[in-house]
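What follows draws every value from the coordinates through simple rules; no lab data is involved. Every value quoted in this text rests on a predicted model; they were computed, and no experiment measured them. Cβ coordinates were reconstructed from backbone atoms using ideal geometry, including for glycine residues, and neighbour counts include every protein chain displayed.
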Amino acid sequence: MAAQLAASSDATTSDHWHRGPARRAAPGTAQGESETRATAALRQLLAGGVVVIRPQTVDRYGRNVAEVVCSGRNVNLELVKSGAAYVYRQYLAGCDQGAYLSAEREAEMWRRGVWRSGTNEQRPWDFRKSR
């Protein structure tokens, strides 16, 4: 995902999966159900496909920030579209910023995933700051 698999996500199997222009819904199981849904969405998008990782930069912890493409589909962008990830604006340089921001606005407008009505989702970076 373009952003340390940030559309990320604080990763399913390893921490590098959560950095990208898209940030998965939750930093880990500490945020519960949204993490479970984001992990399931990521697994489905990666199932049986050929994965290509397009490095973008390195974050302040030395982790790669990358766009992930699986069988021709931008996984980061798909996670944002489905509401399974937030756009991590800090890492959008080098990516199609318009596509990511538009996908997030649309997910919010249609209340997909983390944007569902009645949820009190906290963005992963805010969650980490509060700990």
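Which of the three applies to the stretch 46-112, rounded, prolate or oblate, going by the alpha-carbon gyration tensor with a ≥ b ≥ c and a/c under 1.5 meaning rounded?
It comes out oblate by the Cα gyration axes.
Using per-residue counts of other Cβ atoms within 10 Å, averaged over each peptide, order 50-56, 83-89, 71-77 from highest down.
Descending packing order for the listed peptides: 83-89, 71-77, 50-56.
Relative contact order of the stretch 38-131: what whole-number percent is it, with Cα pairs under 8 angstrom and at least 6 residues apart? If you can, show how the numbers build up before the last one.
Numbers: 98 pairs, mean separation 19.3, N = 94.
Computed value for the stretch 38-131: 21 percent relative contact order.
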